[in-house]
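The structure under discussion appears below in the form of structure tokens.
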Amino acid sequence: MTTSTDFRTCPLCEATCGLEVTHRDEKVIRIRGDRADVFSRGFICPKGSTLGKLDEDPDRLRTPLVKGDGRHRPATWDEAFAVIESRLTPIIAEHGPDAVGVYLGNPNVHSMSGVLYVRTLLKMLRTKSVFSAATVDQMPKHVSSGLMFGHPDLIPVPDLDRTSYLLMLGANPYESNGSLATAPDWPGRLQGIRRRGKVVVVDPRRTKTAEAADEHVFINPGADAAFLFAMAQVLFEEGLVDLGDLEGQVAGVDEVAGVVEAFDPESVADTCGVPVATIRRLARELAAAETAAVYGRVGTHTAEFGTMASWMVDVLNALTGNLDRAGGAMFSHAAHEQPRSRRGFQIGRWASRVRGLPETRGELPVSTMAEEILEPGPGQIKAMITIAGNPVLSTPNSDRLDEALAGLEFMVSLDIYLNETTRHSDVILPGTSPLRRPHYDFAFNQLSVRNVANYSPALFALPEGTPDEWRTLLRLGAVVSGQGAGADLDALDDGVFAMLVGSVVANPASPVGGRSPEEIFAATRGDRGPERMLDLLVRTGPYGDGYGAVPDGLTLERLEHSPHGIDLGPLRPRLPGSLCTPSGKVELAPEPLLADVERLRSSLSRRSNGSFALIGRRHVRSNNSWMHNIDVLVKGKERCTLQINTTDAARIGVAAGGQAKVSSASGMLVVPVEISDDIMPGVVSLPHGWGHDLTGTALTVASSRPGVNSNRLSTGEMDPVSGNAVLNGIPVEVIPA
Ligand SMILES: Nc1nc2c(c(=O)[nH]1)N[C@H]1C(S)=C(S)[C@@H](COP(=O)(O)OP(=O)(O)OC[C@H]3O[C@@H](n4cnc5c(=O)[nH]c(N)nc54)[C@H](O)[C@@H]3O)O[C@H]1N2
Ligand SMILES: Nc1nc2c(c(=O)[nH]1)N[C@H]1C(S)=C(S)[C@@H](COP(=O)(O)OP(=O)(O)OC[C@H]3O[C@@H](n4cnc5c(=O)[nH]c(N)nc54)[C@H](O)[C@@H]3O)O[C@H]1N2
Ligand code: SF4
Ligand SMILES: [Mo]
């Protein structure tokens with residue numbers, strides 16, 4: 001036995017921390033932060049150090065499971081695929097591919113195979129019934145970015161390390177470690193901003209992040225859009241608009257001035273629960289700051305006016321001259337990014353069957369998934385494929401979804417646990433432990449507050465006979481495309497890679513544009529799977545060697561020799577060159593967004609009917625619904641509690657440690673109460689991802705501390721522009737239980 005130390009990037013959340021893993025053969029002895037990592041410099045959170053525990057978790061699936069007589073039994077891979085082929089093929093033959101729904105969960109964006117091969121599977125299946133965690137999360141940002149900048153992934157991030165003023169709404173990075181702004185060690189970076197200037201946090205709860213800021217502003221749940229519109233109104237009214245370097249590159253300033261006019265602070269203050277003077281002062285501070293960034297996250301997006309708010313965040317960044325400048329809100333430039341076309345971005349290219357809801361970014365709102373399964377008629381979903389997702393706990397109106405999944409003709413899941421969702425599956429195909437696969441962060445390098453590139457090879461080998469997830473995804477693709485479970489996966493993968501090479505050389509803006517695909521194919525590393533795609537993408541990316549054009553340029557080999565990552569420098573201005581709008585300008589006032597303003601305006605006259613507004617919260621030891629089977633992360637004080645303000649608790653007669661009955665239009669829960677002055681009066685908070693007491697799961701630790709599923713209360717209301725679910729600001733009744 002030998003003890004060795006290896007370095008890798010943590011794939012659990014968006015912070016992309018470097019880990020130092022000490023192990024004796026395949027047994028992890030210790031994981032701590034990698035102090036030499038070019039980006040995280042030793043920062044780590046409690047979850048990162050548990051990857052060894054996850055690897056060893058006896059409940060983590062290691063063989064396929066097939067359901068018979070209501071019970072899951074281990075099966076070989078060939079047996080499992082034989083069942084999938086025999087059950088799925090006739091459904092596709094009879095009803096067409098749209099009858100097969102796909103749900104993609106969050107961990108897909110945290111793995112190379114999830115990013116690269118899920119796409120392939122979807123192409124091979126050709127279903128329009130695609131849903132993902134994006135519509136319970138950040139879809140409003142994709143939509144506003146797509147419309148403003150021409151591409152849904154051109155998302156500005158706050159330049160945390162250089163800004164002197166950060167206005168942060170609906171985010172709690174002290175617990176979440178940040179989102180749509182990749183930065184290990186938010187606490188350290190926020191303290192850096194405080195030394196240079198000021199951090200303001202807008203949140204209905206005084207979170208750890210709010211406590212650590214210079215100023216915390218309470219806001220009524222769901223009111224961010226109105227608040228941000230009012231800030232823009234003040235900028236126009238007081239002559240504080242200054243586009244800075246973007247002057248001449250922005251279309252639609254006058255239209256924005258026109259639509260925000262009705263949102264003067266006096267008109268929105270009641271809706272927001274924020275004093276008029278505070279709104280005015282914050283607008284003036286933002287305009288006066290040497291550099292500033294406005295940043296809104298989950299609390300801002302998973303709301304009734306999520307897209308309006310997401311839009312206005314970047315309008316404010318633009319109007320104060322902070323868009324695309326150092327210290328403002330900037331665009332990352334990931335090592336694998338490929339030159340994009342100026343096609344622009346559209347929503348609503350097709351619509352959902354039952355309610356006619358518009359497609360966004362190739363998918364339909366997950367809030368409509370249950371009815372697409374339950375409502376009979378042509379195009380009804382008869383079978384589901386879920387990949388790294390737990391929608392029974394993570395998506396709205398979960399009682400209904402639970403019922404819908406139970407009634408499917410067939411369901412197959414690729415997952416690492418038998419949990420609340422996969423218990424409905426006829427076949428569960430096990431995913432792999434994060435330590436047993438390579439990692440390069442395709443998704444979050446694109447959202448990083450500094451350009452960096454890190455690659456980690458698999459630390460441990462997969463057990464004999466266990467395929468990589470990319471192979472499982474390809475094999476599923478082979479089945480749904482009629483090639484059968486016995487298809488030659490190596491040949492298929494060569495085909496997938498050849499297509500990628502073809503698209504790269506066909507891109508005139510690529511450094512290898514116009515070169516022969518055979519030459520590039522032959523010059524790329526031979527390994528199958530995601531690595532050779534990564535090699536191709538970084539070599540043709542902004543820092544790449546361009547297959548010989550730039551001698552010191554980036555290659556996968558160079559990444560391999562840099563276990564602590566490669567620092568590619570601070571963010572640099574990218575406009576107008578990187579814009580993908582057909583006009584070549586920043587579209588500050590896109591038509592589909594203007595069209596939703598009236599809905600926001602008319603909401604200002606709405607008054608609360610006396611019920612509570614339910615919001616969520618995150619805890620640093622949790623990760624949505626699925627790290628609850630790791631003992632060290634869940635032990636200690638009960639975390640799944642309803643937080644309620646002291647005065648509200650006294651008024652309705654619930655006591656600390658007592659139980660409350662919480663009900664909404666979609667469900668009812670009984671939950672322990674936690675009384676706190678950190679939460680606004682009229683607001684209650686319950687974390688999501690709990691409710692591990694359903695039968696038929698195999699989660700020994702999680703089911704011993706189940707908590708309740710907050711998404712039984714989220715009704716499925718959505719932001720109509722993006723289809724994103726309303727998960728914050730849900731009207732609920734609370735009474736003593
Ligand atoms: N009320 C409320 N609901 C919310 C939120 C909220 O704030 N409030 N937040 C929303 C957000 S932001 C998100 S992103 C969604 C998340 O929604 P989901 O992605 O549906 O939920 P997760 O809990 O992340 O579930 C991840 C699943 O992937 C499996 N898994 C983990 N690692 C792997 C792997 O490596 N391979 C495979 N194949 N499977 C793996 C886990 O076992 C689990 O089943 O939840 C949303 N739901
Ligand atoms: N520990 C941990 N880390 C995680 C996750 C996890 O589950 N646990 N999940 C990961 C995922 S998938 C994501 S997307 C990110 C999310 O990361 P964040 O966006 O930081 O999400 P939260 O920590 O939920 O913070 C949302 C905040 O919004 C506030 N809020 C609620 N409603 C409103 C509102 O109407 N207006 C305003 N201004 N604020 C509101 C809430 O009180 C809360 O403090 O975290 C990631 N990291
Ligand atoms: S902050 Fe995120 S990336 Fe860093 S160790 Fe924790 S879970 Fe991993
Ligand atoms: Mo998320």
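The values are calculated or read from the model by the stated rules, or taken from the named source; none is laboratory data. Please read all numbers here as calculations on a predicted model, not as lab measurements. Here the Cβ positions follow ideal geometry from the backbone for every residue, glycine too, while neighbour counts run over all protein chains shown. In case anyone asks, the SASA skips ligands and DNA or RNA and just uses the protein heavy atoms, side chains included. Shrake-Rupley method; radii C 1.70, N 1.55, O 1.52, S 1.80 Å.
Brief remarks on what is shown
- Protection-proxy order for peptides 86-96, 429-439, 688-698, 412-422, each taking the mean of Cβ atoms within 10 Å per residue, highest first: 412-422, 429-439, 688-698, 86-96
- What region 3-56 shows is 38 Å² of accessible area per residue, with the surface traced by a 1.4 Å probe over protein heavy atoms.
- DSSP bridge orientation in region 607-736 - percent antiparallel, rounded to nearest 5: 75 percent
- Dipole magnitude of the chain about its Cα centre (Cβ charges: Lys, Arg +1; Asp, Glu -1), debye to nearest 20: 920 debye
- The charge dipole of region 135-264, taken about the Cα centre with unit charges on the Cβ atoms of Lys, Arg (+1) and Asp, Glu (-1), comes to about 720 debye, rounded to the nearest 20.
- For residue 691, the shell of other residues with beta-carbons less than 12 Å away shows a net charge of -2, using +1 for Lys and Arg and -1 for Asp and Glu.
- The chain: equivalent-ellipsoid semi-axes (sqrt of 5 x gyration tensor eigenvalues, Cα, Å): 37, 32, 26
- The peptide list 292-300, 168-176, 679-687, put in order of mean Cβ contacts within 10 Å with the highest first, becomes 292-300, 168-176, 679-687.
- Each Lys and Arg adds +1 at its Cβ and each Asp and Glu adds -1 at its Cβ; summed about the Cα centre, region 293-420 shows a dipole of about 720 debye.
- Apportionment of accessible area to carbon and sulfur, region 443-593, percent (1.4 Å): 54 percent
- When each of 47/635; 27/67; 27/208; 141/585; 67/637; 208/661 is checked by Cα-Cα distance, pairs over 24 Å: 27/67; 27/208; 67/637; 208/661
- Ordering 90, 148, 74 by the projection of their Cα atoms onto the charge dipole of region 70-188, which places +1 on the Cβ of Lys and Arg and -1 on the Cβ of Asp and Glu, puts 90 at the extreme positive end.
- Accessible-area composition of region 139-335, carbon plus sulfur, in percent [1.4 Å probe]: 47 percent
- Estimated 222 nm signal from helices in the chain, with DSSP H stretches of n ≥ 4 weighted -39500 (n - 2.57), rounded to 500: -8500 deg cm²/dmol
- Positive-end residue of 225, 259, 243, charge dipole of region 129-277 with Cβ unit charges: 225
- Residues of region 607-736: accessible area per residue with a 1.4 Å probe, Å²: 39 Å²
- Averaging 1/r over each pair of different alpha-carbon atoms in region 139-335 and inverting the result gives 16.3 Å, the Kirkwood hydrodynamic radius.
- Protection proxy ranking for 507-519, 636-648, using the average of other Cβ atoms within 10 Å per residue and placing the highest first: 636-648, 507-519.
- Label zone at residue 27, where the point sits 7 Å out along the Cα-to-Cβ direction: region 444-469 residues whose backbone N lies under 20 Å: 459-464
- Cross-link reach is defined here as a Cα-Cα straight distance under 14 Å, omitting same-chain residues fewer than 8 places apart; for residue 123 the aspartates and glutamates meeting it are 98, 363, 493.
- Divided by 2.2 N^0.38 Å, where N counts the residues, the Cα radius of gyration of region 3-56 comes to 1.03.
- The chain - share of DSSP beta bridges that are antiparallel (%, nearest 5): 50 percent
- Per residue accessible area of region 201-349, 1.4 Å probe, in Å²: 33 Å²
- Rh by Kirkwood over Cα pairs, then Stokes-Einstein D for region 422-509 at 0.692 mPa s and 37 °C, µm²/s: 206 µm²/s
- Each listed q (0.12, 0.19 Å⁻¹) maps to a log10 I(q)/I(0) for region 43-151 from the Debye sum over equal C-alpha point scatterers, namely -0.69, -1.28.
- Legend: residues 8, 651, sorted from most to least accessible area (1.4 Å probe; ligands, DNA and RNA excluded), read 651, 8.
- Region 607-736: projected area of the alpha-carbon convex hull, averaged over directions, in nm²: 8.9 nm²
- Farthest positive-ward along the chain dipole, Cα basis, beta-carbon charges - from 272, 120, 724: 272
- Among the protein heavy atoms of region 3-56, carbon and sulfur supply 48% of the accessible surface, probe 1.4 Å, non-protein parts ignored.
- log10 of Debye I(q)/I(0), alpha-carbon scatterers only, for region 530-675 at 0.13, 0.17, 0.20 Å⁻¹: -0.94, -1.04, -1.23
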